[in-house]
1. How many angstrom lie between the C-alpha centres of region B:26-96 and region B:171-191?
2. Check A:LYS25: other-chain or 5+ apart residues with amide H under 5 Å from its amide H, H built from backbone geometry?
3. Suppose only helical runs count, i.e. DSSP H with n ≥ 4. What mean residue ellipticity at 222 nm does that imply for chain A under -39500 (n - 2.57) per run, divided by all residues and rounded to the nearest 500 deg cm²/dmol?
4. State to the nearest 20 debye the size of the charge dipole of region A:29-178 about its Cα centre, where the only charges are +1 on K and R beta carbons and -1 on D and E beta carbons.
5. With the dipole of chain A worked out from charges on the C-beta (+1 for Lys and Arg, -1 for Asp and Glu) around the Cα centre, which of A:VAL47, A:SER155, A:TYR28 lies farthest toward the positive end?
6. Where is the GNM fluctuation largest for chain B (alpha-carbon springs, 10 angstrom cutoff): B:MET82, B:MET41, B:MET57?
7. With each run of n ≥ 4 DSSP H residues scored as -39500 (n - 2.57), what mean residue ellipticity at 222 nm is computed for chain B after dividing by its residue count and rounding to the nearest 500 deg cm²/dmol?
8. If packing is taken as the average count of other Cβ atoms within 10 Å, what order do B:180-189, B:115-124 fall into, highest mean first?
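Taken together, the values in this text are just the output of simple stated rules run on the coordinates, not laboratory data. Model, not experiment: these values are computed from the prediction. Don't worry about glycine lacking a Cβ; one is built from the backbone with ideal geometry, like all the others, and counts go over all protein chains shown.
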Amino acid sequence: MEKLSYKSVFETLSKVDITGKTEQKGNYTYLKWSYAWHIFNHYYPGVQVKWLEPFTYDNGTMILRCRVEIGELYKEGWLPVYDNKYNAIENPRADDIQDNMQRCMVKTMSLFGLGLQLYHNGQTKPEELNLVGEINDPEVKKIAKAKDKKKAVESALKNGGINENTSEIQLGQGLEKV
Amino acid sequence: MGVSMKTQAKFSSDKDLKRFNLRSSSALNYCFGTYTPRNEMIEWDRKGEQKPIGDFMQKYVDFGNLHEKSGIAKWILINKKMPVEILEDQHNYVLQNAFNLKGDTVVDLSCTPDARYSDKDDNLLLEIKCGSLGKKPHDWNKAKVYLAQVSIQQYILNSLGIKIDKTHLVSWSFNGTRIWEIERNYEFEHYLLGLLEEYAMALINDSKLEDKPKKFEGEHKIKLIYGEE
């Protein structure tokens, strides 16, 4: 069996489409904890979640901490016990703590890549980050290099070099002046 | 959006002439006080300053500025047409002395559309909005607040001799796009110009305005031409 690496796990989990597996709480969208657990177990049945000692503060608020382990790989995450408006709750009740344990677990799982895009911008489709800001579509590259953008775009539209499947984010970059 | 959001309300004193500039992007506040009450807005304009944007709103403005190009690109890919006056080539259109005021004060109306497209069938403007930090496109309930801006833009360009029949209001997000086609509405323009004139008069006469003016009772011709309801 191939040895697991952080890279291979991230590449697997960051490509999972979580559309339809989220819920809205206040202004925020979350991956449901049961789906997160299901998906993790599908790919990595040995996954374990361990709870670390929480931090508690003088004003009665607290930060939960957990560790998600896949074999020798692990990530540690934390989360204050929040209400749905992202205010830390003073002297939280058991049900507040349980809700936030689930959020904390899902957030920690996202450090392995699952649903990480939700924390960027709330989207559920896997996201290809263009980390170096490069345009990798050859047709859009031509537009990006062109001095006469109008002519270059019209030509690419005419010959089908760009179409509805072209990334508008890349094309948008290509429209900027050289 | 874009350049028009960055421009400041102008007040200049040129010998005896006072000049104010009302921007289409703030039409909502001038006419209805939607985000800033009319009488507060007028104080900022009298000082020649723009109300500072809070940190919370600033991130929405920054996101909109960053992704205006994505909204334009999406429109190009859908319509298979290339507009002009985009991004760094945007034009600022100014209708000077828009209300024919007499005396030593001039009030201009200005706008900076995100793009313009003309061919034998269409003469239109593009207005790009990137709501919810890219989470989802606006629904009409939110997008309708831009009607005043859109309508004033159409009025300014037509008054300057550039024929515009409609605007495509594009609400872009990472998770989908909606485009509404908004036809020119003379009745609504007339209604807005009345409110803007009232604002301009109050601006120069140091008088107060009603914070909630009478509602527009007419109808608009708007259709969703891309994306789902």
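1. 14
2. A:TYR30
3. Value at 222 nm, helices only, nearest 500: -11000 deg cm²/dmol.
4. Value, rounded to 20: 660 debye.
5. Checking the options against the dipole of chain A, the answer is A:SER155.
6. B:MET57
7. Value at 222 nm, helices only: -11000 deg cm²/dmol.
8. So the order, starting with the most tightly packed, is B:180-189, B:115-124.
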